[in-house]
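Enquirer: Take this structure first; my questions come after.
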There are 2 protein chains.
Amino acid sequence: MSVTHPKGYRAAGIAAGLKTGDARDVALVVNDGPDAIAAGVFTANRVKAAPVLWSQQVLRGGIVRAVVLNSGGANACTGTQGFRDTHATAEHTAAALRAGSKPLLIGAGDVAVCSTGLIGELLPMDRLLPGVTAAVKALATDGGPAAAEAIMTTDSVAKNAVVTGDGWSVGGMAKGAGMLAPALATMLVVLTTDAVAGSEALDAALREATRLTFDRIDADGCMSTNDTVLLLANGAANVEPTQQELTAAVTAVCQDLAEQLIADAEGATKHIAIEVLGAASEADAVEVGRSVARNNLVKTALFGNDPNWGRILAAVGTTGAAFEPDRVDVAVNGVWVCRGGAAAEDRSKVDLTGRDVTILVHLHEGELSATIRTTDLSHAYVHENSAYSS
Amino acid sequence: MSVTHPKGYRAAGIAAGLKTGDARDVALVVNDGPDAIAAGVFTANRVKAAPVLWSQQVLRGGIVRAVVLNSGGANACTGTQGFRDTHATAEHTAAALRAGSKPLLIGAGDVAVCSTGLIGELLPMDRLLPGVTAAVKALATDGGPAAAEAIMTTDSVAKNAVVTGDGWSVGGMAKGAGMLAPALATMLVVLTTDAVAGSEALDAALREATRLTFDRIDADGCMSTNDTVLLLANGAANVEPTQQELTAAVTAVCQDLAEQLIADAEGATKHIAIEVLGAASEADAVEVGRSVARNNLVKTALFGNDPNWGRILAAVGTTGAAFEPDRVDVAVNGVWVCRGGAAAEDRSKVDLTGRDVTILVHLHEGELSATIRTTDLSHAYVHENSAYSS
């Protein structure tokens, strides 16, 4: 139930000593073909880690035969040496795969690289490269779960997902204890499919899927230097789904992984869904949802079990979305505490004792909607992000 | 040393029972003339409290004879009844002043209103209106400090400031334990001057002053529904300063109050100044400074005494400012931990044990600069904002 679920993929996750203890920290996903089409989405942060700059170049060619990933170091803000290290990792991976038990005729330019961990420090290449060699040796058609484990940082669980079509499937793994829109606790995602798909179809499916899933979770509004989502297709199933089928399957896997990410968000005591209804446009709905999701005063109120709809309304007021302050309704866990921009049902009726919180914001401007998922702002969030570097 | 320092002003602060205990909660500032010119700056939040909507109308006329302020209730998100209550408060204030020991010939349209406290609840008018009557009776030419006390909410100290010119002065009071750019812990500021100043000069001075001071403090990036800054001028000193002199004096009072606000920010353990240097424009410098100031991961790192420059660089990367990632330098408390976008001096040299933190971000794109002041994100911030409604 992972990246090795679709036919024609092998993966591995091994311990190379980048993380303390004997935890897995180097992952490898190999596409055995026949095709090696790929699409990628990367962080919008202008400060991009070396592996992001490298993988963007690789993706420009549209071909990816292998993805090598490491935890234990982000290789971000590491200057030209950092980029040389990423390049060396790709070269080493390609060489090891050419020399492997099932030799692949590939070059460094076919290898995408992802890293996650502390920013600003060079990777210990003397441990990483032997780790890559070991990962190549450990490659297996059921190696997906080990790979998913190897990319964990502050994650408490590994994250895998699979959706099956008619004779084909999409598999995926993710790491991230923050989020995409996104936390510095980098989000890395590798998706695989054995469907037959052209470059454009793959790219369209991935962009639509990320727009509807990862772009709508927001743990702390911070944007990582390393976020990467890759989708590989090898056609091994010999089935070509329609664009709609492909997009739906990729979106379903991404949604599954997105929910696992937000469920594992650092220090969260609440899982909050903000559903914006009656928006004039989808963009308005997303903007309003995100503004509420990022508001520290809303997030601390929910941590304190306080259905403080005034803070929600104030967050809506900072957006450029179409709305009239005296027409907005707000419900918290089913109780319409605010109607027409003023107090309505008694806030004491709101039950916030559970882990799940649903906030409805009705703008009464149109028919469009969007849901943004986030978490509360807790003592544990402050603790995790102040006590440990990342 | 307050709003009653300039000639021709009286003020009062009394307890009307809006807050628990016998704390002062209704303030009144009266301009005895001869002039009654005024300028105002209000929250940019589109969800504006009733007193903001009212005071914006009053300011359109350019004349303010009295400002009545209350803590213990924001009168925001209170619908048409909330607006009626604000109107009634202004009417009652004008009537009480017409009937006072020193009768003023004014109407409700000459009275600005400010409120601060919990959003979404109606004010207890049965206590507020008698409070206004009592405030009129208590008016005194040394009543400024009592007025400043009456507008406190989660503030731990009252905030007053004065700057003197040649024969004229500017006085001010402020409340706010968050900030302007701004926290829901509303910022209210009343400034007074006995200088002779026309409407346009006053407006220009106030806009420049707020742009350089209150707009550059940012405790939690949240924007209040009630923020108001008013500047009254009565010409009682019979001195007309130049525009430059007036702007400088108003800016100095605002800077003094802004520093008091950030020093009193809720739950802060650090006072952080982010100085952005070498920017291509002042707007770029402000955007970069604010992005760093609002980044929860930077703020939690500083709470944990961690000079995590990677998080700072990542925050810079989310802006649209002109900069090249491999040319940015970052210093934390004087140690250049990052040069050219990569690690430089040893981060262990950074001393973060004190309360004051200075972060320098050099963009190497031009000659312009700006300083944004903020605070860290601490357990106490989470506690104060989760345990108490506002």
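The values are calculated or read from the model by the stated rules, or taken from the named source; none is laboratory data. In this text, all values refer to a predicted model and were calculated from it rather than measured experimentally. All Cβ positions, glycine included, derive from the backbone under ideal geometry; neighbour counts span all protein chains shown. The protein model used for the area step is the full one, side chains on, heavy atoms only, and it has no ligands, DNA or RNA in it. Shrake-Rupley method; radii C 1.70, N 1.55, O 1.52, S 1.80 Å.
Enquirer: For residues that are touching a Leu at 6+ places or on another chain (Cβ under 8 Å), farther than 15 Å from B:ASN226 by Cα and not charged (D, E, K, R), scanning just segment B:112-131, find the one that is most open to solvent (accessible area, probe 1.4 Å).
Expert: Filtering first and then ranking leaves B:PRO124.
Enquirer: Same structure, new question: For the condition in a loop (DSSP other than H, G, I, E, B), modelled with pLDDT of 95 or more, hydrophobic (A, V, I, L, M, F, W, C) and touching a Phe, Trp or Tyr at 6+ places or on another chain (Cβ under 9 Å), what is the one hit in B:VAL29, B:VAL3?
Expert: Only one candidate passes the filter, namely B:VAL3.
One line per residue, one yes/no per condition, for (1) touching a Lys or Arg at 6+ places or on another chain (Cβ under 6 Å); (2) modelled with pLDDT of 95 or more:
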| position | (1), (2) |
| --- | --- |
| A:GLY21 | no, no |
| A:ASP25 | yes, yes |
| A:THR43 | no, no |
| A:GLY72 | yes, no |
| A:THR89 | no, yes |
| A:LEU97 | no, yes |
| A:LEU105 | no, no |
| A:VAL111 | no, yes |
| A:CYS114 | no, yes |
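So that you can scan it fast, the table gives a plain yes or no per residue for (1) of a type in the set (S, T, N, Q); (2) farther than 18 Å from B:ILE262 by Cβ:
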site	(1), (2)
B:GLU345	no, yes
B:LYS349	no, yes
B:THR353	yes, yes
B:THR358	yes, no
B:GLU367	no, yes
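Enquirer: Moving on. Take the conditions open to solvent by 40 Å² or more (accessible area, probe 1.4 Å) and among the charged types (D, E, K, R) and apply them to A:ASP85. Does it pass?
Expert: Criteria not met by A:ASP85.
Enquirer: In segment A:274-295, what residues are open to solvent by 10 Å² or more (accessible area, probe 1.4 Å) and under 19 Å from A:LEU352 (Cβ atoms)?
Expert: Selection gives A:GLU275, A:ASN295.
Enquirer: Give the residues of segment A:284-319 that are free of Cβ contacts under 8 Å to residues at least 24 places away in the same chain and more than 7 Å from chain B (Cβ to nearest Cβ), sorted by residue number.
Expert: The answer is A:VAL298, and nothing else.
Enquirer: When both residues are 6+ apart or on different chains and their Cβ atoms are under 9 Å apart, which pairs have a first residue that lies in segment B:345-362 and is in contact (Cβ under 8 Å) with a residue 40 or more places away in the chain, and a second that is open to solvent by 40 Å² or more (accessible area, probe 1.4 Å) and aliphatic (A, V, I, L, M)?
Expert: B:LEU360/B:LEU277; B:VAL361/B:LEU277; B:HIS362/B:LEU277
Enquirer: Among (1) in contact with a Leu (Cβ under 8 Å, 6 or more places away or on another chain); (2) surrounded by fewer than 24 Cβ atoms within 10 Å (Cβ to Cβ); (3) under 17 Å from A:GLU384 (Cβ atoms), which single condition is A:THR300 missing?
Expert: Among (1) in contact with a Leu (Cβ under 8 Å, 6 or more places away or on another chain); (2) surrounded by fewer than 24 Cβ atoms within 10 Å (Cβ to Cβ); (3) under 17 Å from A:GLU384 (Cβ atoms), the lone unmet condition for A:THR300 is (2).
Enquirer: Could you figure out which of (1) touching a strand residue (DSSP E or B) at 6+ places or on another chain (Cβ under 7 Å); (2) within 13 Å of chain B (Cβ to nearest Cβ); (3) surrounded by fewer than 24 Cβ atoms within 10 Å (Cβ to Cβ); (4) not polar (S, T, N, Q) isn't true of A:ASP326?
Expert: Failing condition for A:ASP326: (1).
Enquirer: What's the total number of residues in segment B:288-332 that are within 23 Å of B:GLU367 (Cα to Cα) and at pLDDT 90 or above?
Expert: Qualifying residue count, segment B:288-332: 26.
Enquirer: Specify which of the listed residues (B:ALA134, B:ALA148) is open to solvent by less than 10 Å² (accessible area, probe 1.4 Å) and assigned to a helix (DSSP H, G or I).
Expert: B:ALA148
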